[in-house]
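> After the structure tokens below, expect a handful of questions from me.
The values are calculated or read from the model by the stated rules, or taken from the named source; none is laboratory data. The structure presented is a predicted model; accordingly, all values stated were derived computationally and were not measured. Neighbour counts run over all protein chains shown; Cβ positions are idealised from the backbone, glycine included. We work out accessible area using only protein heavy atoms, side chains counted, and drop any ligands, DNA or RNA first. Shrake-Rupley method; radii C 1.70, N 1.55, O 1.52, S 1.80 Å.
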Amino acid sequence: MQRRDLLKLGLLGAVSTKASAMEQTALTGLVLDPGFAEHHIMPQHPESPARYERLRDEIEVSELLSKVTLLTPKRDIESELLLVHSATHIASIKRHDPAAHQAAVLATGGVLVAVDSVCNGLLDNAFCASRPPGHHATNTGKEEGFCYYNHIAIAARYAQKRYGLKRILIVDWDYHHGNGTEWAFYHDASVLFFSTHDAEAYPGTGSPEKTGTGEGRGFNINVHLPCGSGDKDIVAAFEDKLIPAVASFKPELILISAGFDSREDDLLGCHKITDQGFIQLTEIMLRLAKQYCDGKLISVLEGGYNLTGNAKASVAHLATLLKII
Ligand SMILES: [Zn+2]
């Protein structure tokens with residue numbers, strides 16, 4: 001069923017109908033779930049439930065809730081975890097930290113419902129305000145950089161399998177290198193991975209010399225942005241390195257690992273990206289999505305440890321996805 005048919009039937013709700021009528025706005029999904037606040041590595045750890053709570057509060061204050069379509073994470077998605085992770089890894093996480101397993105599965109389920117909604121044409125784009133993050137997760141059987149399951153990598157594999165997509169772009173603007181995502185697609189020409197990060201920070205990977213191997217050669221783009229890098233530096237990286245690569249790759253879907261620990265005043269990062277900078281990056285991504293894949297874009301929260309900063313940057317990003325700023 002096409003989106004306009006659903007609109008006619010009122011299945012997308014009055015808010016979405018209004019958004020569709022005002023053509024300058026987008027049909028944007030937002031994944032929220034109280035379960036995202038149910039896991040904490042240890043007391044005082046910066047990857048805390050408060051990250052979700054503060055972000056949810058900021059979204060409420062911003063009045064964006066009335067403009068988005070709320071999405072609930074898909075349940076029973078453990079078989080989808082196997083698209084990226086080994087059964088041994090999953091069993092180990094489940095055994096050592098059942099609460100982390102549950103929260104991380106919920107976060108993966110959030111990205112998967114977003115993939116379904118966007119790939120079925122019900123929504124233009126979506127933001128997953130989920131935690132724990134995922135882009136450091138590989139198959140070690142334990143937590144890596146606060147991550148357990150690689151939501152964005154699973155989403156890409158799921159979109160390929162379920163919707164037959166041949167070319168998917170993943171962009172990662174977290175302060176840290178998305179080593180788990182690089183690992184998942186390093187040999188693979190069907191996923192173009194572009195990451196800006198401080199290569200001297202955790203996990204110590206992300207050298208620009210790492211461009212992929214075998215068929216995947218040329219499909220892994222790492223950009224090192226040293227401590228102190230700001231809006232001009234990251235926008236230049238997107239304009240000079242991402243846009244030309246995307247022009248030849250021509251993605252059918254765009255996924256963003258939206259980490260806001262690259263924002264100014266983060267507790268763990270030392271980049272200086274402002275909220276205006278994230279708005280610019282989001283606008284670049286929306287333009288690319290419009291140009292190559294009918295606007296299809298899904299974004300998932302990764303890091304961001306200054307509670308207020310993470311919330312404000314996320315809201316600026318979400319408002320830009322809605323095209324209301
Ligand atoms: Zn990070």
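> Round to the nearest 10 and report in Å² the accessible area of K323, as given by a 1.4 Å probe over the protein chains' heavy atoms.
For K323, solvent-accessible area is about 100 Å².
> So how do M285, M42 rank on accessible area, 1.4 Å probe, biggest first, that is with the largest at the start?
M42, M285
> Along the charge dipole of the range 248-297, which of I284, G295, L268 sits closest to the positive end, that is, farthest toward it, with unit charges on the beta carbon of Lys, Arg, Asp and Glu (+1, +1, -1, -1)?
G295
> Taking Cβ-Cβ under 4.7 Å as the only way to count a partner, pick out the unpartnered cysteines of the chain.
C119, C128, C147, C293
> Name the GluC sites (Glu not before Pro) in the range 57-145 that are in a loop by DSSP and that have at most 10 other C-beta atoms within 10 Å, would you?
E63
> Let me ask something else about it. Determine the dipole magnitude for the chain: charges of +1 sit on the beta-carbon of Lys and Arg, -1 on that of Asp and Glu, nothing else is charged, the reference point is the Cα centre, and the result goes in debye to the nearest 20.
Computed charge dipole of the chain: roughly 1060 debye.
> R0 = 22 Å: FRET efficiency of T72 with R162, Cβ-based, nearest 0.05?
According to the calculation, E is roughly 0.75.
> Separate question: Over the alpha-carbon set of the chain, divide Rg by the Kirkwood Rh and report the Rg/Rh ratio to two decimals.
Ratio value, two decimals: 0.93.
> Moving on. Taking a probe of 1.4 Å, how large is the accessible area per residue of the chain, in Å²?
Averaged over the residues of the chain, the accessible area is 40 Å².
> Only helical DSSP H runs with n ≥ 4 go in: add -39500 (n - 2.57) per run for the chain, normalise by residue count and round the 222 nm mean residue ellipticity to 500 deg cm²/dmol.
So the helix-based figure for the chain works out to -12500 deg cm²/dmol.
> Among DSSP bridges having both ends in the chain, what percentage is antiparallel? Round to the nearest 5.
5 percent
> Need the full-extension length gain, K142 to D240, defined as separation in residues times 0.36 nm minus the C-alpha distance. One decimal, nm.
Taking K142 through D240 to full extension adds about 31.6 nm, to one decimal.
> Under a cut-off of 28 Å between alpha-carbon atoms, report the lysines in cross-link reach of K250, not counting same-chain residues fewer than 8 places apart.
Within the straight-line limit of under 28 Å, K250 reaches these lysines: K161, K166, K210, K232, K241, K290, K296, K323.
> Right, another one. Once neighbouring chains are kept in place and the probe is 1.4 Å, which whole percent of the accessible area of the range 3-321 is contributed by carbon and sulfur?
52 percent
> Can you tell me which aspartates and glutamates have their Cα less than 19 Å from the Cα of K272? Leave out same-chain residues fewer than eight positions away.
Those aspartates and glutamates meeting the cut-off are D172, D174, D198, E200, D231, D233, E239, D261, E264, E283, E302.
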